[in-house]
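What follows is a short report on a single structure.
The values are calculated or read from the model by the stated rules, or taken from the named source; none is laboratory data. Predicted model only: the values in this text are computed from it and were never measured. For neighbour counting, all protein chains shown are included, and Cβ atoms are generated from backbone atoms with ideal geometry for every residue, glycine included. Just the protein is used for accessible areas: all its heavy atoms, side chains included, with ligands, DNA and RNA removed. Shrake-Rupley method; radii C 1.70, N 1.55, O 1.52, S 1.80 Å.
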Amino acid sequence: MAVTGAPRTVCAENKIPDECLTGGFAIGCQAYTFNHFTVFEAMEKTAQAGGKVIEFYPGQKLSKDEPNVVWDHNASAETIQKVKDKLAELKLKAVNYGVVAVPRDEARARKLFDFAKTMGLHGITTESVDAIDTIEKMVKEYDICVGFHDHPKRDADPNYRMWDPNYILSVVKDRDPRIGSCADTGHWVRSGLHPVDCLRILKGRIISSHLKDLNQMGPAAHDVPFGTGVSDIPAILEELKAQGFQGNLSIEYEHHWEESLPEVAQCIGFVRGYGQARKW
C-alpha cells in the first residue's frame, strides 16, 4: 500500500477538551457497544468503564422509563435536554454521531448538522459518499468534522469500496481538511488489512476511530480486550499520536453483548496505562 500526504492536524472549532483525555486520547464508547441497552444505560456503562466521551448512533431507545422514545437527530428539544442532563450528571461529553446517512438535499442535511451543533459534537460519521458535495458545504458552514466509516470487504458486493483506505483517500483528498476517515480498525482486520498501514495511507485525514482489537485476521474475527489480539493497538496509538490526531477513539465492542463492560473497561485501561507510560 502506498503512503501519501504529510501529517496534518484536523481540528474543528469545537475541539475535544483536554479534560476529556485519557492516556493522551479522547477515548470512550460508541453507544452501539451497548445496543442491547438504552441510551441512558449506554452512557452509564461508558462512565463505569472509565470513558470520558461517547459517540451516539441513531435508533437506540432512550431509557427504561421511555422505551418508546428513539434517540436520533430528529429528537425533540425535550429529549435532547434529557440526554444533555444525563451527560452532565455522568461527566461525559458527546463527541460524535453515526454511522448515519447524510442526505444530498441541503435542507435535510442541515437538520442533521443542526443536531450535531446543538449537542456540541466534534464530528459526524457516515458512509454517504454520494453526498460529498453537500457534506463539504455543511462542514464549512458548521465547522463540524465528518469521517467516512469502513465496513468489511463484501465479496458478494464488489461495488462496496469503503473498506479500502485508498478509496476513502480518493474521496476526501481534495476536500476540506475536516473531511476524512472514521477509521474502524476492526473492519480493516476483517478485510485482511493491517490497521497501521491503513492509517498511514490516510495520514492527516483521520477524523475519528472505532478502535478494535480482534482475535484473528479475516471475516470470522471477534473483539477482544486491547493488547490481546492481532490489531497491534500500541502501534495504532503510536501512529495516531505521530499524526497529531485530535479526534475521538470509540470502543465499539461487538462481542459478549450482554456482559462486555469488564472487557470494555480493560480496553480503556490499556489506553490509559500505555499513554501514561509514554507520558502523553
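Things worth noting here:
- Whether the range 211-253 is rounded, prolate or oblate, judged on the alpha carbon gyration tensor where a/c under 1.5 counts as rounded: prolate
- The magnitude of the dipole of the range 181-252, with charges of +1 and -1 set on the Cβ of Lys/Arg and Asp/Glu and taken from the Cα centre, is near 220 debye.
- In angstrom, the C-alpha Rg and Dmax of the range 129-187 are 12.1, 38.
- In this view, the solvent-accessible surface of Thr79, computed with a 1.4 Å probe and all protein chains in place, comes to about 20 Å².
- When a 1.4 Å probe is rolled over the protein heavy atoms, the share of accessible surface on the chain that falls to carbon and sulfur comes to 48 percent.
- Pairs of Cα atoms nearer than 8 Å and 6+ residues apart set the relative contact order; for the range 139-190 it is 47 percent.
- For the listed residue pairs Lys173/Lys212; Lys140/Lys173; Lys84/Lys173; Lys61/Lys153, the alpha carbons are over 23 angstrom apart in Lys173/Lys212; Lys84/Lys173; Lys61/Lys153.
- Mean ellipticity per residue at 222 nm, deg cm²/dmol - from DSSP H runs of n ≥ 4 across the chain, formula -39500 (n - 2.57): -10500 deg cm²/dmol
- Sorting His255, His122 on solvent-accessible area from highest to lowest, probe radius 1.4 Å, gives His255, His122.
- With both labels modelled 7 Å from their Cα along Cα-to-Cβ, the Ala242 to Ser170 distance reads 2.6 nm.
- Relative contact order (%) - the chain, alpha-carbon pairs under 8 angstrom, separation at least six: 24 percent
- Two tests apply to each whole DSSP H helix in the chain, Cα reach of 18 Å or more along its axis and mean Kyte-Doolittle hydropathy of at least -1.0, and the ones passing both are 77-90, 106-119, 261-277.
- In plain terms, the chain from His36 to Asp18 could stretch by 3.4 nm, reckoned as 0.36 nm per residue minus the Cα-Cα distance.
- Most mobile of Asn159, Asn96, Asn35 in a GNM of the chain (Cα contacts under 10 Å): Asn159
- Debye, to nearest 20: dipole size of the range 1-141, +1 on Lys, Arg Cβ, -1 on Asp, Glu Cβ: 180 debye
- Here the relative contact order of the range 89-240, from alpha carbon pairs under 8 Å that lie six or more residues apart, stands at 17 percent.
- Förster radius 25 Å - calculated FRET efficiency between Gln216 and Asn159, Cβ distance, rounded to 0.05: 0.40
- Projected over all directions and averaged, the alpha-carbon convex hull of the chain occupies 13.7 nm².
- Each Lys and Arg Cβ is given +1 and each Asp and Glu Cβ -1; about its Cα centre, the range 50-110 then shows a dipole of about 200 debye.
- Along the range 182-194 the Karplus relation, 6.51 cos²θ - 1.76 cosθ + 1.60 evaluated at θ = phi - 60°, assigns HN-Hα couplings of 9, 7, 8, 5, x, 5, 5, 4, 5, 8, x, 9, 8 Hz to successive residues, with x for each Gly and Pro.
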